[in-house]
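The values are calculated or read from the model by the stated rules, or taken from the named source; none is laboratory data. Remember, it's a predicted structure, so these values are computed and weren't measured experimentally. Here the Cβ positions follow ideal geometry from the backbone for every residue, glycine too, while neighbour counts run over all protein chains shown.
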Amino acid sequence: MADTDIKKGLAGVVADETAISKVNPETNSLLYRGYPVQELAATQPFEAVAYLLWHGELPTEEQLAGFRAEERKHRALSPVVKDAIDRLPLDTHPMDEVRTAVSVIGAIETAGTGNVLDAVGTPEENLQRSLQLFAVLPAIVSYGQRRRRGEALVESRDDLDYAANFLWLTFGEEADPVVVDAFNRSMILYAEHSFNASTFTARVITSTLSDLYSAVVGAIGALKGPLHGGANEAVMHIFDEIGSADNVVEWLDAALAEKRKIMGFGHRVYKRGDSRVPTMKAALDTLVAHYDRPEVAELYTKLEDEFVSRKGIYPNLDYPSGPAYNLIGYDTLTFTPLFIAARITGWTAHILEQQASNALIRPLSAYNGADERHIEGYVPDTAALDVQERPEEAAG
Ligand SMILES: CC(C)(COP(=O)(O)OP(=O)(O)OC[C@H]1O[C@@H](n2cnc3c(N)ncnc32)[C@H](O)[C@@H]1OP(=O)(O)O)[C@@H](O)C(=O)NCCC(=O)NCCS
């Protein structure tokens with residue numbers, strides 16, 4: 001196969017159709033089921049966006065109330081899952097902790113299905129499994145942070161909606177509406193982004209007719225990497241390293257001289273700015289004002305200005321979301337698990353879509369290894385080398 005046929009990193013390859021979201025780098029826009037993500041972030045609770053991604057339409061008031069009631073039913077961490085988390089070392093990376101918890105849930109939920117064919121489940125079962133994971137992930141992520149801080153599990157509050165309850169679970173106190181709003185917006189912005197690496201991983205696993213939990217566990221593994229979801233954590237490490245706006249120029253000179261990648265900048269699809277950044281930056285600004293931390297905004301702006309003017313590479317969503325989560329009080333290691341809690345909606349929407357119109361995802365590769373060679377003294381079984389004809393070819 002000629003080199004020109006290879007699409008390294010599948011760059012530019014259109015692997016399938018999707019009705020879930022549309023990324024248009026030319027117009028710098030991102031649509032979920034046709035709605036601009038900025039409009040959704042400004043007007044909707046995250047539950048309505050989850051509903052939209054799964055069902056294709058925003059819920060009516062009645063549908064939203066029903067959906068919220070169902071979500072509330074599945075918020076609690078089961079004793080088995082809590083015990084599984086408690087058995088992990090305290091310095092387990094939170095991404096590994098969440099991956100393990102989802103794997104345990106999957107093993108329990110698919111237990112008794114008999115054989116691999118039954119474990120796949122019906123579309124209705126998989127929609128319900130999606131909702132259950134969406135509902136319980138805030139408890140998993142929040143408990144992880146509390147456990148590392150030596151704090152006890154906090155139980156959900158049925159009078160609080162998803163975003164407010166998430167913050168309650170993490171901090172054990174009711175969050176200010178400004179904070180709830182910024183957090184809700186971040187969840188919506190992180191919910192879905194077409195065939196990104198983790199979503200594609202979920203679709204690849206689904207395409208083998210494996211179950212939804214296996215697909216989500218695989219997606220979490222893909223999301224962990226710093227070239228993908230891990231970037232929001234990595235941005236905060238960079239902010240900590242730099243310290244203040246005054247140090248940006250010196251730090252950036254050294255980082256670029258070492259050819260370091262500056263986390264939170266650049267994107268495989270967007271080359272002229274990430275459509276989600278202005279909305280998240282506005283949410284960050286409200287948090288900066290709320291917590292009275294202008295130095296965070298100064299460092300943010302200085303690094304952005306310096307990096308963009310030198311490299312012409314723009315920030316992605318992880319750049320504003322990292323410092324935003326830090327201001328809210330999340331530990332840096334919890335940032336990417338927050339991304340999981342949001343992206344579970346997009347992943348599962350894609351899993352359902354893949355299941356509804358499946359084709360095994362199995363690309364080709366161009367071999368560039370050693371020429372054919374043989375084990376000395378081995379006498380091949382010539383029958384094994386026979387090329388088999390397919391019956392229809394033989395017939396026709
Ligand atoms: C996201 C990312 C992987 C996209 O990568 P890509 O489309 O494969 O583009 P490349 O990595 O090939 O980058 C193209 C060029 O820009 C440079 N570049 C891209 N992002 C960069 C960054 N954040 N810092 C420094 N240089 C960067 C590359 O070094 C490369 O330069 P070269 O042509 O001189 O080798 C890349 O921009 C990156 O690593 N960003 C940092 C991690 C991050 O924030 N990820 C979250 C994505 S939402």
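Annotations for the structure displayed:
- Looking only at segment 354-396, residues that are farther than 30 Å from LEU212 by Cα, hydroxyl-bearing (Ser, Thr, Tyr) and at pLDDT 80 or above come to 2 in all.
- Members of segment 265-291 found to be over 18 Å from ARG185 (Cα atoms) and within 9 Å of the ligand (Cβ to nearest atom), listed by number: PHE265, GLY266, HIS267, ARG268, VAL269, TYR270, LYS271
- Selection from segment 193-223 of residues that are within 16 Å of the ligand (Cβ to nearest atom) and not in a helix (DSSP H, G or I): HIS193, SER194, PHE195, ASN196
- Flag if ARG157 is of a type in the set (Lys, Arg) and outside any helix (DSSP H, G or I): yes
- Residues that are touching a helix residue (DSSP H, G or I) at 6+ places or on another chain (Cβ under 7 Å) and within 16 Å of the ligand (Cβ to nearest atom), drawn from segment 22-48: LEU30, VAL37
- Filtered residues of segment 169-187 (kept if crowded, with 21+ Cβ neighbours inside 10 Å and out of contact with any Ser or Thr (no Cβ under 7 Å at 6 or more places or on another chain)): ALA175, VAL179, VAL180, PHE183, ASN184, MET187
- Here TYR190 meets the list (1) without any contact (Cβ under 8 Å) to a residue 40 or more places away in the chain; (2) within 16 Å of the ligand (Cβ to nearest atom); (3) buried (at least 17 other Cβ atoms within 10 Å of the Cβ) almost entirely, failing just condition (1).
- Tallying residues that are within 17 Å of LEU317 (Cβ to Cβ) and out of contact with any Ser or Thr (no Cβ under 9 Å at 6 or more places or on another chain) within segment 1-48 yields 2.
- Cβ separations smaller than 8 Å between residues 6+ apart or across chains give the following pairs from segment 262-287 residues that are under 17 Å from LEU31 (Cα atoms) and among the aromatic types (Phe, Trp, Tyr) to residues that are assigned to a loop (DSSP other than H, G, I, E, B) and more than 8 Å from the ligand (Cβ to nearest atom): TYR270/PRO25; TYR270/ASN28; TYR270/TYR314.
- Selection of helices (runs of 4 or more DSSP H) fully inside segment 42-120 by the criterion of at least 2 residues being more than 30 Å from ALA282 (Cα to Cα) and aliphatic (A, V, I, L, M) returns 79-86, 94-109, 116-119.
- Checked against the criteria, VAL235 does not count as within 16 Å of the ligand (Cβ to nearest atom), closer than 24 Å to MET95 by Cβ and in contact with a strand residue (DSSP E or B) (Cβ under 6 Å, 6 or more places away or on another chain).
- Among the residues listed as GLY229, GLY273, the single one being buried (at least 23 other Cβ atoms within 10 Å of the Cβ), part of a loop (DSSP other than H, G, I, E, B) and not aliphatic (A, V, I, L, M): GLY229
- Selection count where residues are closer than 26 Å to VAL178 by Cβ and either surrounded by fewer than 22 Cβ atoms within 10 Å (Cβ to Cβ) or near the ligand (Cβ under 9 Å from one of its atoms) (or both), scope segment 304-325: 6
- Yes/no for SER321 being farther than 27 Å from ASN126 by Cβ and touching a residue at least 12 places away in the same chain (Cβ under 8 Å): yes
- Every test in (1) among the aromatic types (Phe, Trp, Tyr); (2) free of Cβ contacts under 8 Å to residues at least 60 places away in the same chain; (3) closer than 13 Å to MET263 by Cβ is passed by PHE335 save one, and that test is (2).
- ALA119 vs. criteria within 27 Å of ASN358 (Cβ to Cβ), surrounded by 14 or more Cβ atoms within 10 Å (Cβ to Cβ), among the small types (Gly, Ala, Ser) and at pLDDT below 95: yes
- On the stretch given as segment 190-240, residues that are under 15 Å from the mean Cα position of the chain (by Cα), modelled with pLDDT of 95 or more and within 14 Å of TYR319 (Cβ to Cβ) total 1.
- When residues in segment 1-42 are screened for being more than 26 Å from LEU352 (Cα to Cα) and surrounded by fewer than 16 Cβ atoms within 10 Å (Cβ to Cβ), 11 of them pass.
- Cβ pairs under 8 Å, 6+ apart, first in segment 202-229 and of a type in the set (Lys, Arg), second within 16 Å of the ligand (Cβ to nearest atom) and in a helix (DSSP H, G or I): LYS224/MET95; LYS224/THR336
- Among the residues of segment 244-259, those that are part of a helix (DSSP H, G or I) and within 11 Å of the ligand (Cβ to nearest atom) comprise LEU252, ALA255, LEU256.
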